[in-house]
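What follows is one structure encoded as structure tokens, with my remarks underneath.
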Amino acid sequence: MSIDLIIRGRIVTPQMTIPNGWVAVSGSVIHAIGEGEAPAAATVHDAGDAFVLPGIVDGQTHAGSYLGLPGIEPTTRSAIAGGVTTIVDMPYDNPTPLSAREHLDNKVEAVERFAHCDVALYGTVMPGQSLNEVQSLADGGVVAFKISAFESSPTRFPRIDAALALDLLEALSATDLPLGLHNEDQEIVRSRVSRARAEGRNGITAHSPSRPEVAELASTVHFLELAANAGGHAHIVHISTPRGFRLVDNYAQEGFRATGELCVHYLWFDPERDGEELGARMKVNPPIRPGQIDRLWQELIEGRIAFVSSDHSSWPIDNKFTDSIFDAGAGVPGMETLLPAFYTVAKQRGVDAAHYCAEYLAERPARFFGLHPRKGALVPGADADITILTEGDDVWDASRAQDGLKWSPYDGRRFAARVAGTYHAGKLAYDGQSVLNTPGSGRYLRRGESTWFSKDLTT
């Protein structure tokens, strides 16, 4: 078999980092990995001392929340520039969520037309909807479903009540498909936001108290108990405090299928430290809470976090310019900052940062969504999706982002590494300065065979 490409550098495999290693690529697939002298190849990319990582798998993105399905293009272009070769996109597209086979077919067509990287998809259900479409969406390859306990929009992002959530969990119980939850109790949040408005409170420091931790935890444990009864896999898509992860772990320790996900901004920002500078630019839901960063990192170290994602939102900055913090849009861009931000956090804590990136940003999400070992690891037979990460101070400049948004809460932040190159399907897609591949280079990914839990936990 002829070798088309050799990439040399510090190769981060699941077992070890090979200091003077190489990855051999044939076509769009990794052929071999080794150290020392490499086989002859048509092209050699010597990355020097840079880390050679598996392509990052971002398990939570919102490409279509503002621009609709054409938003896949700027989101995936930004992904490639951030070393992300696969995104798992949420179903809340503008104007129609992905809740029927027709919607799935339309989105798959949009992926094939617009995507720079590979795309896997979440599905959802709407209030009052028959569950007949659930099997059709599963047959169509969705990797997970998601619902919300809080209504952000009655048509695009509705609240799903407990009865329908239980029905859906039961329908999914015999499958490996997780059901994700946006975990905020609607009655608590609406009451506390109304109270905060009446009292004249404002600013980002008022955001967390208006959507208090108890609203998040009450919604979380309610959902976990529904899933335990139904035998389904409950996945909490963003947890902002350690207690949330411990609640999830309690259910997992009892033998139920329960997982929790951490978004990288919860490891980076603190409203008491960063709020005056950033204001609504750091508004997300559930809120970033004060004094949690070190404790959340400990949850990761102790193994209670499934994986780390960006929760990339494609909202323009104008969405943040409101007189009241309660009217400002929630969500932040994050495709190009996920990897350097997480690497920086890990390096600051003295762990093997490159290995943590490969595990929590690639291998774990790939396995979670049924994409492993095709995705998520540098191993022979895997897709040749490869990210080159160079160590060194890099001040993030949001104006250079490829997402078309040109703003970020990370603007001006100092990272300990930068993405110097991205290979997608064996071809150079980003050279450290420019995205080289074209819309339509990405592929739709159906859920494969890898599982998070053992088969005996699937009823």
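Computed from the coordinates by the stated procedures, all read-outs in this text should not be read as laboratory data. The shown structure was predicted, so the numbers you read here are calculated from the model rather than taken from an experiment. We place every Cβ from the backbone using ideal geometry, glycine too, and count neighbours over all the protein chains shown.
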**Item:** Gain on full stretching of the segment that runs from K455 to N229 - 0.36 nm per residue minus C-alpha separation
**Value:** 79.6 nm
**Item:** Residues H222, H182, sorted so that the one with the fewest Cβ neighbours within 10 Å comes first
**Value:** H222, H182
**Asked** K375: which lysines have alpha carbons under 28 Å from its alpha carbon, excluding same-chain residues fewer than 8 sequence positions away?
**Response** K107, K146, K347, K427, K455
**Item:** Anisotropy class of region 54-210 from Cα gyration tensor, a/c 1.5 cut
**Value:** oblate
**Prompt:** Over all Cα pairs of region 167-296, how is the pair count split among 5 Å bins, expressed in % and running from 0 up to the last occupied bin?
**Reply:** 2, 11, 20, 20, 18, 13, 9, 6, 3, 0
**Request:** Report, in whole Å, the centroid distance computed from the Cα atoms of region 179-238 and region 354-401.
**Result:** 31 Å
**Request:** Relative to the longest principal axis of the C-alpha atoms of the chain, give the angle of the C-alpha long axis of helix 213-230, reported between 0 and 90° and rounded to the nearest 10°.
**Result:** 80 degrees
**Extreme residue, positive dipole direction of region 55-373, given options L104, G83, I317 (C-beta unit charges)** = I317
**Fill in**
Computed over the chain: longest principal axis from alpha-carbon atoms vs helix 72-81 long axis, angle to nearest 10 degrees, is 50 degrees
**Prompt:** How big is the gap, in Å, between the Cα center of region 294-338 and the Cα center of region 106-171?
**Reply:** 21 Å
**Message:** On C-alpha positions alone, give me the angle between the axis of helix 338-348 and the longest principal axis of the chain, in degrees, nearest 10.
**Reply:** 90 degrees
**Item:** Those lysines that a straight Cα-Cα span of less than 24 Å connects to K320, excepting residues fewer than 8 apart in one chain
**Value:** K283, K406
**Complete:** Semi-axes a, b, c in Å (a largest) for the chain, each sqrt of 5 times a Cα gyration tensor eigenvalue, come to 34, 25, 21
**Message:** How large is log10 of I(q)/I(0) for region 219-370 at q = 0.11, 0.14, 0.17, 0.18 Å⁻¹ when the intensity is taken from the Debye formula with one equal scatterer per alpha-carbon?
**Reply:** -0.45, -0.73, -1.03, -1.13
